[in-house]
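Laboratory data are not the source of any read-out in this text; all were calculated from the coordinates shown. All of these numbers come straight from a predicted model, not from anything done at the bench. In this analysis, Cβ positions are derived from the backbone assuming ideal geometry, glycine residues included, and neighbour counts consider all displayed protein chains.
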Amino acid sequence: MLVYAAGSAGLAALVKPILDNVLVNQERLAFTAWAIVAAYLLKGVGSYVSSYLMVDVGQRVVVPWAISCGSCPRCLRGLTSKCAATTQGTLAAFGFGPSSGPWGGMIADETHFLNALHEIVAAGQTPADEMLARYYGAWHGDLSRIYAEYSY
């Protein structure tokens, strides 16, 4: 974004010399033409890098695939993948067939993504909100607790 901004600023800075010297007196015509090409090249590179980095960030969005009620003792302790209310087998995991209840088939079933979003809407907070609440609350700013409570 900074490179794109520099290219845009460079183009804006070229307006006065173009109007004052190049168009009126025909001075430094080649230099000004190459400066315009360089500024647009800079903007193009900046735009490409910015888009590439934003796509990279977008690929790192994580949604939990465990279904939980959010109110049973296990959920209140943060053990949402072991929710007592939503499991009929050993896991409250979505996508593991009959042991997971009525929430879809194997992992190839795309509905597990929708159920994770449904859980976020029903709870009114995202996993990031939950982690931040714990960071400022029960964890007292100790980020190392995330490994103990959220590791598989």
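Between segment 117-152 and segment 33-52, the alpha-carbon centres lie 41 Å apart. In this simple spin-label model, placing a label point 7 Å from the Cα along the Cα-to-Cβ direction at both L23 and V121 gives a separation of 5.4 nm. The label point for A30 and the one for A84, both projected 7 Å from the Cα toward the Cβ, are 8.3 nm apart.
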